[in-house]
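The values are calculated or read from the model by the stated rules, or taken from the named source; none is laboratory data. It should be emphasised that the depicted structure is a prediction, and the values quoted were computed from it without experimental measurement. Every residue, glycine among them, receives a Cβ derived from its backbone with ideal geometry; neighbour counts consider all protein chains shown. These area figures cover heavy atoms from the full protein model, side chains too; ligands, DNA and RNA do not enter into them. Shrake-Rupley method; radii C 1.70, N 1.55, O 1.52, S 1.80 Å.
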Number of protein chains: 2
Amino acid sequence: MSGSAPAPTQQLAALADDTRWAILELLGSRARSASELAVELPVSRQAIAKHLAVLEAAGLVESAREGRSVRHRAIGASLSALADRLDAIGRQWESRLERVARMAEERAASERS
Amino acid sequence: MSGSAPAPTQQLAALADDTRWAILELLGSRARSASELAVELPVSRQAIAKHLAVLEAAGLVESAREGRSVRHRAIGASLSALADRLDAIGRQWESRLERVARMAEERAASERS
DNA sequence: TTGACCTGCAACCAGCCGATTGCAGGAGGA
DNA sequence: TCCTCCTGCAATCGGCTGGTTGCAGGTCAA
């Protein structure tokens with residue numbers, strides 16, 4: 001596997017930005033270079049390069065040099081893996097809180113008797 | 001349904017903070033008040049109140065007044081719903097990019113013939 | 001070799017954000 | 001009623017972050 005998986009909060013922080021989502025949507029349909037992205041987005045190439053660095057550090061984008069340009073592509077599997085973790089946590093909250101509610105219910109019932 | 005669902009980036013931004021995750025983990029095991037949280041976490045009560053406001057605006061926490069205190073609890077279903085959306089997007093990226101790769105493969109094959 | 005094109009690094013700036021302190025207000029118990 | 005406890009609002013502060021401009025380096029084609 002890839003040496004060290006990025007921390008969840010790092011991935012979430014990377015995803016908490018509209019410009020980065022715009023980049024990801026483009027890279028999710030076709031691999032592109034930073035200059036190509038700069039043409040289609042209303043920010044400078046250097047700003048995009050910074051965003052790409054953040055996304056790559058978060059494991060959401062893969063980059064490969066190709067001649068004199070660098071092709072970037074979105075890694076859908078990373079996003080799905082993060083989604084799996086979030087879903088598991090969400091379900092855990094639900095089950096725990098439901099259990100606490102049930103215990104309170106039972107205690108109230110026993111006190112009524 | 002709840003009137004207006006928070007934007008995904010809003011939810012993601014809310015989740016992109018370690019202190020808020022610490023709060024969520026506590027609220028995911030048992031509903032608590034802001035003062036209770038302040039005892040268990042190394043930040044001031046007001047900081048926690050701000051975080052709770054962010055989490056509530058993101059639809060990740062539910063609050064209910066109970067006497068002179070306010071009980072907050074994590075909403076696991078919101079997290080799972082967000083996870084579902086992320087997973088769908090991740091799978092979409094994978095299928096699109098795979099399709100692009102296959103088309104390039106076929107074009108190369110036809111050019112070889 | 002020279003020029004065009006793309007990337008990468010550095011410095012700089014403005015705005016947002018997490019955190020703190022201080023104070024006002026409201027609900028419950030003695 | 002009075003005191004206590006908890007919440008809510010405002011002002012303030014330092015640091016992070018998204019964005020820009022400028023410049024240096026490297027690679028391909030003519």
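Tabulated results
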{"read-out": "Accessible heavy-atom area order of B:Leu82, A:Leu41, highest first, probe of 1.4 Å", "value": "A:Leu41, B:Leu82"}
{"read-out": "Angle in degrees between helix B:76-112 and the longest Cα principal axis of chain B, rounded to the nearest 10", "value": "10 degrees"}
{"read-out": "Amide proton proximity set for A:Val61, modelled H, under 5 Å, gap of 5+", "value": "A:Glu56, A:Ile75"}
{"read-out": "Centre separation in Å (Cα based) which lies between segment A:1-69 and segment B:1-68", "value": "29 Å"}
{"read-out": "Under-5 Å amide H pairs with A:Arg32, H placed in peptide plane, nonlocal only", "value": "A:His72"}
{"read-out": "Under 16 Å from the A:Arg107 label point (7 Å along Cα→beta-carbon), backbone N, segment B:30-70", "value": "B:30-33"}
{"read-out": "FRET E, pair A:Val100, B:Arg91, Förster distance 25 Å, beta-carbon r, rounded to 0.05", "value": "0.15"}
{"read-out": "Estimated [θ] at 222 nm from DSSP helical runs (n ≥ 4, -39500 (n - 2.57)) normalised by residues in chain A, nearest 500", "value": "-22500 deg cm²/dmol"}
{"read-out": "Table column - 3J(HN,Hα) (Hz), segment A:6-23, Karplus curve with 6.51, -1.76, 1.60, x for Gly and Pro", "value": "x, 5, x, 5, 5, 5, 5, 4, 4, 8, 8, 7, 5, 4, 5, 5, 4, 4"}
{"read-out": "Scattering profile of segment B:7-74 at q = 0.12, 0.13 Å⁻¹ [log10 I(q)/I(0), Debye over alpha-carbon scatterers]", "value": "-0.26, -0.30"}
{"read-out": "Residues in segment B:51-94 that, when all protein chains are in place, have 40 Å² or more less accessible area than the chain alone would give (probe 1.4 Å)", "value": "B:Gly76, B:Leu79, B:Ser80, B:Ala83, B:Leu86, B:Asp87, B:Trp93, B:Glu94"}
{"read-out": "Residue with peak Gaussian network fluctuation, chain B [Cα springs, cutoff 10 Å], from B:Ala81, B:Ala34, B:Ala57", "value": "B:Ala81"}
{"read-out": "Loop-resident sites, segment A:23-85, for trypsin sites (Lys or Arg not before Pro), counting at most 15 other Cβ within 10 Å (DSSP)", "value": "A:Arg30, A:Arg68"}
{"read-out": "log10 of Debye I(q)/I(0), alpha-carbon scatterers only, for the protein assembly as shown at 0.14, 0.15, 0.17 Å⁻¹", "value": "-0.93, -1.02, -1.20"}
{"read-out": "For chain B: relative contact order, % (alpha-carbon pairs under 8 angstrom, 6 or more apart)", "value": "24 percent"}
{"read-out": "Solvent-accessible area, 1.4 Å probe, carbon plus sulfur percent, for chain A", "value": "52 percent"}
{"read-out": "With Cα atoms, 0 to 90° folded angle of helix B:45-57 axis to chain B main axis", "value": "50 degrees"}
